[in-house]
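Here is the structure we will look at, set down as structure tokens.
The values are calculated or read from the model by the stated rules, or taken from the named source; none is laboratory data. All values reported here derive from a predicted model rather than from experimental measurement. Note that we place each Cβ from the backbone using ideal geometry, even for glycine, and neighbour counts take in every protein chain shown.
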Number of protein chains: 2
Amino acid sequence: MSSVTNEQKNEALLRIKQVLSERREEIFKANDQDKKIAEDLVKAGKLSSSLFKRLDICQGDKFDDILSGVSDITQLPDPTKKVTMATKLEDGLELYRLTVPVGVLLTIFEARPEVVVNISCLALKSGNAVILKGGKEATHTNAALARVIQDALASLPKSNGIPKEAVQIVETREDISALLDLDRYIDLVVPRGSNSLVKHIQNNTRIPVLGHADGICSVYVDKEADIEKAVKIVVDSKTNYTAACNSAETLLVNESLLSNGSFVKVASGLLNAGVTLKCEENVRTFLLNSDAISQELKDTKIEKAVEEDFSTEFLDLIMAVKTVPDVEGAIVHINEHGSKHTDAIVTENKETAEYFMTRVDAAGCYWNASTRFADGFRYGFGAEVGVSTNKTHARGPVGLEGLVIYKYKLIGNGDGAADFGSGKKSFKHETISPCDYKI
Amino acid sequence: MSSVTNEQKNEALLRIKQVLSERREEIFKANDQDKKIAEDLVKAGKLSSSLFKRLDICQGDKFDDILSGVSDITQLPDPTKKVTMATKLEDGLELYRLTVPVGVLLTIFEARPEVVVNISCLALKSGNAVILKGGKEATHTNAALARVIQDALASLPKSNGIPKEAVQIVETREDISALLDLDRYIDLVVPRGSNSLVKHIQNNTRIPVLGHADGICSVYVDKEADIEKAVKIVVDSKTNYTAACNSAETLLVNESLLSNGSFVKVASGLLNAGVTLKCEENVRTFLLNSDAISQELKDTKIEKAVEEDFSTEFLDLIMAVKTVPDVEGAIVHINEHGSKHTDAIVTENKETAEYFMTRVDAAGCYWNASTRFADGFRYGFGAEVGVSTNKTHARGPVGLEGLVIYKYKLIGNGDGAADFGSGKKSFKHETISPCDYKI
């Protein structure tokens, strides 16, 4: 897999797209089987209707979107074979660092069957092999998609070099525990799904996991905030798409904004957008006493916060609100309660912004912008493998770069370490052009 | 820690050097205490003399070397605050990716007390905090060194900003198991020591471990090898420093080199350098029948290999030898038995070399050069944090770059995700200059 060219990888992707399109009916039939079983589960209250909706790949343009997703990936640059370092150690002894695939990926995901296609294509484009395990609700659909992908790979001309075994699917829970133990053979786990799924995986494997469990993002409104911007950013961060991990869950307000009338504008913006505010006592008292808020909103949307609310990913029109004395207080709160995902400050003061962005320990530290921008497509990566809250390898929205690592190639002419040392050769360590890598 | 400047970090390092130098006697006294206890253990056969030797930091120039190691680190460029990506998402909405410290390191090491100084300084230079746990043989020395470092940090001017708590030491085994569980607070484990130590750590934590257990490096001598080069490279790879992880343990020989008389030159080179060859049957028979090898060497240095020898890190003048039919055979052997550390091919054929370097899954893939070059100083990194055989984050010899990760800073002007979409703004995704990052 590490030897295939970008052309071969794109050839494989386009072939997958073609065969998926040709065998649409077979896939839809499998999807219907899954939906029939799921329908009964929904009726019995054992499956949520949102999960059922995600299962359905026949509705509207869904399948065509999946297909165009495949050709989109062919347009991305090859993340492998990039020379990222080139050093002349000595005349005729040159060191190159090149990006290479990580190796074997394991993807564990829930009801969305399109992950089979999406992750397989991202894996292939980055030169990785992938093992897929989907949720049992989509068993037939997942199996059909994987079968079609493998058949597409098997039908490639022999010159292509990508074996059909590069994409494999497993179906039972027992397979997963066994696979999570295989850290000698599997290099990276890429989970796609709920917090509890990701947490379960993180707690049950020594293989590196690329992903995030929680997305507890905060917005801090500073005493020097432009309040128009603050209203817009806070409302967008909370309400633009509440189910996303980059939605804000916590609002931190500089305490001076209560008395000067600014905070009530931010709160009104949220309340009018349908957000329930879970407030610390001083904030709640302030809002309940404010003339600018209707009695109806006071009765229905202003609640008391408990400590746990500041560590909760609501994924809903709910926001936990508290005051902090200053930017330092905001930083301390975020570093204690946040999930290192994305946190924003609203302020007109450059120094305060830089102070916040340097000291908050999160993959994304934003100044006067909504947390909702934390996304691979918005960042311009073309594809998103996932959002990582790890502190090593890849952090934040991760594009194809997260699926590669590097190796060093040293090219000599019979050189030994004993040639170097006092009274002998010494190392030059000259940076040379990456383009010198031509052998 | 993530806010301190390079000047402040260097100020701290030079202060550490100064206080270490001033309190040399106190440290030597502590070292003497450890050595006194260790001497009895050596006599009782409970401690090896090589371990005892490593414990001693009073002998020769050892302590001065430790001190100059500290000032060497001040000369390295700051690995943090580098802008590695800069994208204009839209006018007035700019995304920057900057390197930042990983956070909190945990270093577990064996008898060499100088690791306290070395790792503390590498951690500080990269903006990380570090928790140290050394071997019990060096308890007094480690404690003295850590105390001096903390005192040096405590004596910095208030303007410096590095707290003395940035370097901490723990002393009991129980502390370690507790620390290995703290994956929420500790970001990276950097073990320094034996294979068994590293393996134990890897098997007992979910925190990422930067390091390697085994160093099973191979050299493959191809049918188109220049035999002069082959002799030199194989002998250097095996004998230059047998205790190092980058020493070769396995010799793979193209089978055609037996009949054409080339192999015997390589074998003689090794035998004459005192290496014992553990050979597969065909190689052994061939060597025992060769006129070019003395009866004495045949009697004392040529042994039968067992399967396990090809997965063993001898760390001694011993090499396992087998023939392979071609470069493909060498690749298959290495990918099955190697430890993804460093493997070399000797050949004059460019295509064969590239074939090997692309397909061998190792941090270092060398062509006509000794495996012994796999080292941070030889690579020009100035410092070596360790050699990693991981497939994520950092691979091969790791310099200060391995102790940093990145964060994204997004700088807007009141931007919301809802401003973008069909009929609204669209993303520009223009690459901009990293130098634009000035706020």
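Against the conditions (1) surrounded by 20 or more Cβ atoms within 10 Å (Cβ to Cβ); (2) on the phi < 0 side of the Ramachandran plot, B:Lys158 satisfies every one except (1).
Applying the condition of being among the aliphatic types (A, V, I, L, M) and within 21 Å of A:Glu308 (Cβ to Cβ) to region A:214-235 and asking which residue is surrounded by the fewest Cβ atoms within 10 Å (Cβ to Cβ) yields A:Ile216.
Remark: B:Asp361 falls outside the filter, which requires a residue to be buried (at least 24 other Cβ atoms within 10 Å of the Cβ) and either under 24 Å from the mean Cα position of the chain (by Cα) or more than 7 Å from chain A (Cβ to nearest Cβ) (or both).
Is it true that some residue in region A:368-385 is surrounded by 24 or more Cβ atoms within 10 Å (Cβ to Cβ) and away from every other protein chain (no Cβ under 11 Å)? Yes: one or more hits. Of the candidates B:Leu89, B:Leu106, B:Leu98, the single residue that is in a strand (DSSP E or B), more than 11 Å from chain A (Cβ to nearest Cβ) and either among the small types (Gly, Ala, Ser) or over 22 Å from B:Asp65 (Cα atoms) (or both) is B:Leu106.
Can you tell me how many residues within region B:211-225 are at pLDDT 95 or above and either out of contact with any Ser or Thr (no Cβ under 6 Å at 6 or more places or on another chain) or of a type outside the set (S, T, N, Q) (or both)? Of the residues in region B:211-225, 9 are at pLDDT 95 or above and either out of contact with any Ser or Thr (no Cβ under 6 Å at 6 or more places or on another chain) or of a type outside the set (S, T, N, Q) (or both).
The C-beta contact set for region A:27-39 (first residue more than 16 Å from A:Ser49 (Cα to Cα) and at pLDDT 95 or above, second residue in a helix (DSSP H, G or I) and among the aromatic types (Phe, Trp, Tyr), distance under 8 angstrom, 6+ apart or interchain) comprises A:Ile27/A:Phe63; A:Phe28/A:Phe63. Residue pairs whose Cβ atoms lie under 7 Å apart, separated by 6 or more positions or on different chains, with the first residue in region B:342-358 and under 21 Å from B:Ser388 (Cα atoms) and at the interface with chain A (Cβ under 9 Å from one of its Cβ atoms) and the second assigned to a strand (DSSP E or B) and of a type outside the set (Ser, Thr, Tyr), are B:Thr342/B:Cys217; B:Thr342/B:Gly364; B:Ala344/B:Val219; B:Ala344/B:Ala369; B:Met357/A:Lys409; B:Met357/B:Cys365; B:Met357/B:Trp367. Tally the residues that are touching a helix residue (DSSP H, G or I) at 6+ places or on another chain (Cβ under 7 Å) and of a type outside the set (Asp, Glu), restricting the search to region A:226-240. Total meeting the criteria: 8. In contact with a strand residue (DSSP E or B) (Cβ under 9 Å, 6 or more places away or on another chain) and among the small types (Gly, Ala, Ser): is that true of B:Ala243 in this structure? Judged against the criteria, B:Ala243 is not a match.
If the condition is being of a type in the set (A, V, I, L, M) and within 12 Å of chain A (Cβ to nearest Cβ), then region B:181-208 contributes B:Ile186, B:Leu188, B:Val189, B:Val190, B:Ile201, B:Ile207.
If you check B:Ala344, B:Ala418, which single one turns out to be in contact with a Leu (Cβ under 9 Å, 6 or more places away or on another chain) and either buried (at least 19 other Cβ atoms within 10 Å of the Cβ) or not charged (D, E, K, R) (or both)? Being in contact with a Leu (Cβ under 9 Å, 6 or more places away or on another chain) and either buried (at least 19 other Cβ atoms within 10 Å of the Cβ) or not charged (D, E, K, R) (or both) holds for just one of B:Ala344, B:Ala418, which is B:Ala344. One residue stands out in region A:275-320 among those that are touching a helix residue (DSSP H, G or I) at 6+ places or on another chain (Cβ under 6 Å) and closer than 19 Å to A:His341 by Cβ: the one that is surrounded by the fewest Cβ atoms within 10 Å (Cβ to Cβ), namely A:Ser311. Residues to consider are A:Tyr379, A:Tyr366, A:Tyr408; find the one that is within 20 Å of A:Val100 (Cα to Cα) and either among the aromatic types (Phe, Trp, Tyr) or in the same structural domain as A:Val346 (by TED's automatic domain parsing) (or both). Residue meeting the stated conditions: A:Tyr408. Restricting attention to region B:163-213, the residues that are without any contact (Cβ under 8 Å) to a residue 60 or more places away in the chain, buried (at least 21 other Cβ atoms within 10 Å of the Cβ) and within 18 Å of the chain's Cα centre (by Cα) total 1. Evaluating B:Phe381 against the criteria (1) of a type in the set (A, V, I, L, M, F, W, C); (2) touching a residue at least 40 places away in the same chain (Cβ under 8 Å); (3) closer than 30 Å to B:Lys82 by Cα leaves one unmet condition, (2).
B:Val219 satisfies every condition listed in (1) touching a helix residue (DSSP H, G or I) at 6+ places or on another chain (Cβ under 7 Å); (2) over 30 Å from B:Val321 (Cβ atoms); (3) of a type in the set (Val, Ile, Thr) except (2). Does B:Arg395 satisfy being of a type outside the set (Phe, Trp, Tyr), closer than 21 Å to B:Ile233 by Cα, within 10 Å of chain A (Cβ to nearest Cβ) and buried (at least 21 other Cβ atoms within 10 Å of the Cβ)? Here the answer is no, as B:Arg395 does not meet what is asked. Within region B:221-249, the set of residues being β-branched (Val, Ile, Thr) and assigned to a helix (DSSP H, G or I) comprises B:Ile227, B:Val231, B:Ile233, B:Val234, B:Val235, B:Thr239. Cβ-Cβ contacts under 7 Å between residues 6 or more apart (or on different chains), taken from a first residue in region B:405-421 that is more than 7 Å from chain A (Cβ to nearest Cβ) to a second residue that is surrounded by fewer than 19 Cβ atoms within 10 Å (Cβ to Cβ), are listed as B:Asp419/B:Lys425; B:Phe420/B:Ser426; B:Phe420/B:Phe427.
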